[in-house]
Each structure stands twice: as structure tokens, then as C-alpha cells.
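Read the structure below first, then the notes.
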Amino acid sequence: NPIDAYISEATPEHQEALTKLRNTLRDALAPLGYEECMSYGMIGYVVPKTSYPAGYHCDPKLPLPFVNLASRKAGIHIYHMGVGADPVLLKWWEEEYAKMNNGKLDMGRGCIRFKKIDAIPYDLIGELMSKIPATEWIQLYEKTYRNK
């Protein structure tokens, strides 16, 4: 399995966190219509081509991406396209994260970076993942990215 291989190739300190995050993301996203796969060299959660045949505008052969999970030298990164596309969701995430007193949020447009592995808020991430079903992501994606 390429996803298991990806996790096993990560640094030992990242392996446990990646496994836990993978389970968190998969448990939240699978019931909403997303599929787990390797995507852009990371663990990806995508809208399957059977649900959205048009695929990703950057490469229509690929399924529409939603979230990617990556182990990087600087920590673990979650790339969440919905946070980058939905200002209301972004505001919710920033406010909820701030309530945790977990230090300053480290993120760019849709990229959430966790340098301190022991400070990853798994439950909050699970809640974030549950906010946009695949059918809503398709609509938001078409409005935000596809027709640009």
C-alpha cells in the first residue's frame, strides 16, 4: 500500500502523528464522499472521478483534490483547499485554534503547518474536516477556482 509506505518512510517522530492524522482525516472525510489516495506525493483526500468526472482543472486526468497530508522537514503540513476557498471556514478555524492556547497558528493560504508534533489538535482537525461534504466542495471549487 503506497500510503503505508509513505508513512513508514517518514521520520520516526512523524510516523505516529501521520498515522493518527490519517485516521482522523479518513474517518471524517470518507463518509462525506472523499476517497483516500496518494496525490502529488502526499496522502490525499479527493473527490473521486466517479463523483466529479471533470477532475482537477490543473490536470483533468486527476481527481479533484480537497486535503493533502505531508511529512516535511519542518513538521507536518495539512493542505486544505476548502480553508483557502471559504473565508467563513478560515475564520472559524482561526478562532477555534486560538481558543486552544496552542501557540501562534502557522499557516499560509490553505497550508496548515505543525512544527510541534505533540501540539497537533487532532479533534479540532477532525471537526475542520467534517465541515464540507464533497458535494459542497465541488460547488465551492467551481465558484472559486475552476472558472478563473
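The values are calculated or read from the model by the stated rules, or taken from the named source; none is laboratory data. The structure displayed is predicted, hence computed values, not measured ones. Cβ atoms come from the backbone with ideal geometry, glycine included; neighbour counts cover every protein chain shown. To get the accessible areas, we keep the full protein, side chains included, count just its heavy atoms, and leave off ligands, DNA and RNA. Shrake-Rupley method; radii C 1.70, N 1.55, O 1.52, S 1.80 Å.
Quick notes
- Matching residues in the range 19-46 - criterion: being among the acidic types (D, E) and surrounded by fewer than 18 Cβ atoms within 10 Å (Cβ to Cβ): D27, E36
- For V88, the conditions (1) in contact (Cβ under 8 Å) with a residue 40 or more places away in the chain; (2) within 14 Å of I132 (Cβ to Cβ) are fulfilled apart from (1).
- Qualifying positions in the range 130-148 - surrounded by fewer than 16 Cβ atoms within 10 Å (Cβ to Cβ) and either among the charged types (D, E, K, R) or not in a helix (DSSP H, G or I) (or both): S130, P133, E136, E142, K143, R146, N147, K148
- The residues of the range 47-61 that are open to solvent by less than 60 Å² (accessible area, probe 1.4 Å) and either closer than 23 Å to P31 by Cα or assigned to a loop (DSSP other than H, G, I, E, B) (or both), listed by number, are V47, P48, Y52, A54, G55, Y56.
- Tally of residues being part of a loop (DSSP other than H, G, I, E, B) and aliphatic (A, V, I, L, M) across the range 80-129: 3
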